[in-house]
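Here's the structure, in structure tokens; my notes come after.
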Amino acid sequence: MAKEKTNDLTPERVMQILKKKGTEVDLEEAQAILEFVKKIAHIAVNQYLRGKL
């Protein structure tokens, strides 16, 4: 099974999205934001699958 593209949201894309909404961040901040969002999403999915939401 070939490895598929699993990370469509890049720090550059995060920067673009935030800039469109009026918030400018640098690449390092965008990376930190992306990591945080991924952690929150992982927690939310785990809680949902365990029936805690």
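Rule-based calculations on the coordinates, nothing more; no lab input. Computed from a prediction, not measured in an experiment: that's the story for all the values here. Positions of Cβ are backbone-derived with ideal geometry, glycine not excepted, and every protein chain shown enters the neighbour counts.
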Which trypsin sites (Lys or Arg not before Pro) from segment 11-41 combine a DSSP loop assignment with at most 10 other Cβ atoms within 10 Å?
-> Lys21
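So what's the net charge close to Ala32: Lys and Arg +1, Asp and Glu -1, counting the other residues with Cβ under 13 Å from its Cβ? All intermediate terms of the calculation are to be shown ahead of the outcome.
Working: positive: Lys38, Lys39; negative: Asp26, Glu28, Glu29, Glu35.
With Lys, Arg at +1 and Asp, Glu at -1, the neighbours total -2.
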